[in-house]
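The values are calculated or read from the model by the stated rules, or taken from the named source; none is laboratory data. What you see is a predicted model; the values in this text were computed from it and never measured. Here the Cβ positions follow ideal geometry from the backbone for every residue, glycine too, while neighbour counts run over all protein chains shown.
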Amino acid sequence: MTFQQFAYNNVIRNSRIYAAFFMASIFSVMVFFVYSMLMFHPNIEDKFLRDVAFGGMLVAQVILIVFTLFFLFYSMSAFLQARLHEFGVLLHLGMERQQLNRLIFLETMILGFISITIGIFFGFSFSKFFFMIIRELFILDSLPLYLSWKPFALTIIVFLSQFIIISISSVVFIRKKEIIQLIKGDGKHNEVATYRKGNAFLGVGLLLVAYSLVIFSVFHMNIFLSLLIVLMAFIGTYFFYTDSILYILDIIRRKESLYWHSFRLIAFAEASIKIRENARMFFVVTIVSTIAFLSVGVVTSFTSFTAQYRELNPVSIFYASDWDNPFEEAHVMKLSQELQREGLSYELVKFNVKKQTSSNSHEQVNVIKESEVNSLAIALKIPLIDLKQGEALLVSDTQVDFDNIRSGKEQTVLEESSIPIQIKGVYKYSIFPSFTLKNRAFIISDEDFSLLTEPLFGFNLEESRTTFFAFHVSEWLRTKDVGTDLDKIMTETMGISEVNPNPFYFINPGLNFSVIRATFALLLFTGLLVAAVLLLAAGSFVYFKLYTDLERDKKQFDVLRRMGVTDQELVKIVNRQLVPQFFLPWGLAMVHSTFSFIFLQAFWVDLAAVSIAKEMLIVLIVFTVIQVSYFYLIRWRYIAHIQE
């Protein structure tokens with residue numbers, strides 16, 4: 001047997017321990033390769049789409065690289081720790097240190113080579129399906145599978161470099177151990193679980209303060225406070241596992257009625273050992289799981305915004321023209337021709353908006369005729385307005401605050417024309433795209449509108465009017481190619497000035513929504529894949545910690561079996577030992593995520609009046625189902641090995 005064959009057989013012999021490590025590594029390589037395929041795709045010609053795809057994929061890849069490096073280092077350290085006795089025996093039998101270092105390096109590189117090969121294979125196989133999803137998200141004509149050396153080279157270089165770094169680190173880890181230490185292995189199992197009482201209280205205290213600050217932020221939104229919350233939760237979580245849990249278990253041990261009962265004694269005694277040994281692992285799993293929950297929750301919250309986008313922007317195409325706009329006729333004609341070219345039927349409603357001064361606020365207001373609003377309401381299939389003379393409704397989508405309308409009615413006078421009106425309330429339906437009206441807007445009866453004969457103070461009649469053109473298209477998503485020239489003008493001019501320098505205002509919600517939907521959907525898809533890698537890795541931490549201690553656990557259960565413990569009682573003991581290892585870090589991660597979602601909900605309400613409660617609940621339920629399923633799968637295999 002050659003040295004290379006010996007290294008290969010070592011990997012195969014420990015395949016049970018390496019199983020979860022292989023799965024997480026392969027999946028990380030696969031996701032990274034798929035992202036690379038999209039980054040280098042030659043058919044994405046649109047600069048914006050390429051920037052969005054490239055930016056999203058680049059961020060995801062950086063996260064994967066950093067996390068995978070940490071995951072590999074932690075995993076290999078745990079694997080080598082479990083094999084210390086084996087290495088000690090090899091050295092005792094005459095193997096030189098350089099040969100042992102070479103053995104560890106070869107084993108790690110074999111693992112890396114297999115993971116990279118299989119990950120790239122599945123990544124390339126999955127790329128076609130991935131491109132089909134991206135094509136639908138970006139509404140592209142085609143996004144075929146292609147073959148290029150760039151994604152392969154990038155993936156191989158990145159992950160091969162990571163495995164080389166881990167291999168060298170592993171060699172350094174073993175080099176520090178003496179032969180007698182290696183033969184003894186990990187001798188911490190019999191140590192007394194110690195803790196610091198001050199740290200125990202500090203851990204719980206920091207978590208409680210962090211949660212309290214989240215509740216405080218709901219009523220007093222402060223983004224900078226979130227940094228303090230994250231720091232406190234991070235430190236508090238660490239002390240919670242290293243000291244707080246051990247302190248709680250110590251209190252339970254002092255309660256004879258709780259501790260000295262049947263199998264609780266075994267369960268609690270073993271739990272204190274497992275928690276002390278795996279405190280850092282529990283901490284890592286909790287943080288990784290929390291990040292996974294939040295990554296999905298944050299990008300999922302975007303879907304709430306996109307779902308309400310159509311309600312906030314009911315008009316398919318909106319064009320507002322000032323009194324001195326020389327392009328009005330040409331632009332409206334061009335928009336009509338482009339809609340016809342796309343084969344889209346549409347309804348055009350023209351609004352003659354007059355400007356007056358409100359006697360209450362002494363500010364300029366826009367006044368809209370009731371019949372014109374009803375014409376658009378018919379097209380949008382929303383209820384019509386029936387106003388009497390002297391009555392008015394406030395348009396609900398202006399940029400000003402309407403908190404002063406407390407009773408639902410407000411009396412004011414349009415000063416220039418001396419027209420008294422009573423505002424009955426706010427119009428419940430959106431009729432114009434968001435943020436198109438810079439001032440308050442009133443809908444008044446046709447009779448009152450005809451009496452507005454005087455211009456705005458300091459202006460003539462022409463200067464006191466604005467014209468709106470509202471295009472309603474039932475197939476509004478197909479309008480993404482209509483008015484692109486006007487949209488480009490608006491983007492360029494508004495990008496350098498807070499005030500619109502153009503004599504017109506144009507917005508195409510269909511075009512904007514296609515960009516928003518594609519961007520958010522890509523973020524969601526990216527977040528889901530990254531979260532899947534994080535969750536798989538988090539489960540792997542528990543898996544290989546469980547199986548590295550399997551031989552010791554088998555000896556303990558064998559002693560219990562000889563003492564008369566039945567298989568049914570054995571399963572009870574296993575359940576009480578496995579449940580904390582699986583659900584303690586997961587449960588704390590769920591608590592962290594719940595409070596984070598509360599903060600996120602307050603942020604969205606403050607930003608765009610969007611509720612994400614439904615999406616957050618779905619995310620938590622889905623992750624709960626995944627964790628429970630994973631627990632039963634691992635428990636089934638663990639009990640099977642224990643009973644061998």
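A few comments on the model shown:
- Residue pairs meeting the criteria (Cβ under 8 Å; at least 6 apart or on separate chains; first more than 11 Å from PHE3 (Cα to Cα), in the range 89-104; second part of a helix (DSSP H, G or I) and of a type in the set (Val, Ile, Thr)): VAL89/ILE183; LEU91/ILE179; HIS92/ILE179; HIS92/ILE183; ASN101/VAL171; ASN101/ILE174; ILE104/VAL171; ILE104/ILE174
- The range 368-381 - residue that is within 43 Å of the chain's Cα centre (by Cα) and touching a residue at least 60 places away in the same chain (Cβ under 8 Å) and, of those, surrounded by the fewest Cβ atoms within 10 Å (Cβ to Cβ): LEU380
- For the range 413-449, a tally of residues being of a type in the set (Gly, Ala, Ser) and more than 29 Å from ILE507 (Cβ to Cβ) returns 2.
- Among (1) outside any helix (DSSP H, G or I); (2) on the phi < 0 side of the Ramachandran plot; (3) more than 32 Å from the chain's Cα centre (by Cα); (4) modelled with pLDDT under 75 - the single one PRO501 does not satisfy: (4)
- Some residue of the range 311-320 being part of a helix (DSSP H, G or I) and at pLDDT 70 or above: yes
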